[in-house]
Amino acid sequence: MALFSERYGYTPVRSILQVESMDSNLRMGIYNALYNFLGEYNSSSSYSKICRDIWSDVWHGALDKFPRLHCLDFYSHLKHWLAECTWYEPYDLIEFVASECQKIDSETVEACDYNLQPNWCAHSNLILSDFAQYITHALEHEDSGYRLIETRIVPITNDAEIDAVENALEVPVTFSNARHHIEKALTLFAHKPEPDSTNTVKESISAVEAAAQAIIKDDKATLGAALKLIENSHGLHPALAKGWSNLYGFTSDAGGIRHAEHSDDIQVDGALAKYMLVSCSAFVNYLIELDAKQTITDKRI
């Protein structure tokens, strides 16, 4: 919602998302998110360890100078660093903290007694989820063109697109190969300073192939052959099967994306890479839902 000063023309409405740039408001928003999440740590807390790792591994500071007792000295340094650093470095820091949170979550789950805390142990990303909420609010509020998905900052700005990718990262164990390809595609798309667009496309379409192979239980089948079987067994619409087979061919033929060895090969930019990542993630989700419905139908027969 536009504020009073924007509605009446006293200040300009910012209509362009911040991509490859970061103004002072966004930098301060990230600072506040980190401050709210990390808090006034004590020397024995997990949050103190994250701050200590930022000090030594991100800023390359001497550990004997780390402010263990006076955390405000740490935050003073953080505020100054965020104000002065290059636009992409705060995103590096966000990814670093997210990875630290993921490690803490994993270590905590390994140490917990599942018999005593089954519900807690089943949800393993509590700290990472908490951090993501603070960061997401800051990025959305200050019109950043990037979002945090798991431990990666990616240039995806539409909520529906984010949901498609996130859902593909939470697939059943049967479809773990598809998830693996989506994870690789996401990492490649998040590569800085420029996304690895060509390999993002390769991994994205490979995720669809892996999902289709999982459904027919044949990890050697090509996507076209697998989709034909799914068309017959699961009721996949023929037009969808044909369309995705053609898309697979588009990325796999001699002059296509998956080879890209010649000067006349297809040049893949960030827009196409983003389209393929989101579209393939959405289709993987659809195939999984289609398979789940068919499984229910088979059990009723």
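The values are calculated or read from the model by the stated rules, or taken from the named source; none is laboratory data. Please read these numbers as outputs of a predicted model, since none were measured by experiment. Counting neighbours? That spans all protein chains shown, and the Cβs are built from the backbone with ideal geometry, glycine included. Just the protein is used for accessible areas: all its heavy atoms, side chains included, with ligands, DNA and RNA removed. Shrake-Rupley method; radii C 1.70, N 1.55, O 1.52, S 1.80 Å.
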Only one of these conditions is not met by residue 38: (1) of a type outside the set (Phe, Trp, Tyr); (2) under 24 Å from residue 136 (Cα atoms); (3) surrounded by fewer than 17 Cβ atoms within 10 Å (Cβ to Cβ). Which number is it? (3)
Return only the number of the condition from (1) over 27 Å from residue 154 (Cα atoms); (2) modelled with pLDDT under 80; (3) aliphatic (A, V, I, L, M) that residue 239 does not satisfy. (2)
Going residue by residue through segment 17-36, is there one that turns out to be closer than 19 Å to residue 133 by Cβ and part of a loop (DSSP other than H, G, I, E, B)? no
State the number of residues belonging to segment 40-58 that are at pLDDT 90 or above and of a type outside the set (Val, Ile, Thr). 9
Could you tell me which numbered condition residue 73 fails, if it satisfies all but one of (1) at pLDDT 75 or above; (2) open to solvent by less than 60 Å² (accessible area, probe 1.4 Å); (3) over 21 Å from residue 151 (Cβ atoms)? (2)
Quick one: in segment 215-232, which of the residues that are among the small types (Gly, Ala, Ser) and in a helix (DSSP H, G or I) is most open to solvent (accessible area, probe 1.4 Å)? 225
Among the residues of segment 110-153, the number that are outside any loop (DSSP other than H, G, I, E, B), at pLDDT below 90, out of contact with any Ser or Thr (no Cβ under 9 Å at 6 or more places or on another chain) and among the aliphatic types (A, V, I, L, M) is 2
Search result, residues across segment 211-233 that are within 18 Å of residue 282 (Cβ to Cβ) and touching a residue at least 40 places away in the same chain (Cβ under 8 Å): 211, 212, 214, 215, 230
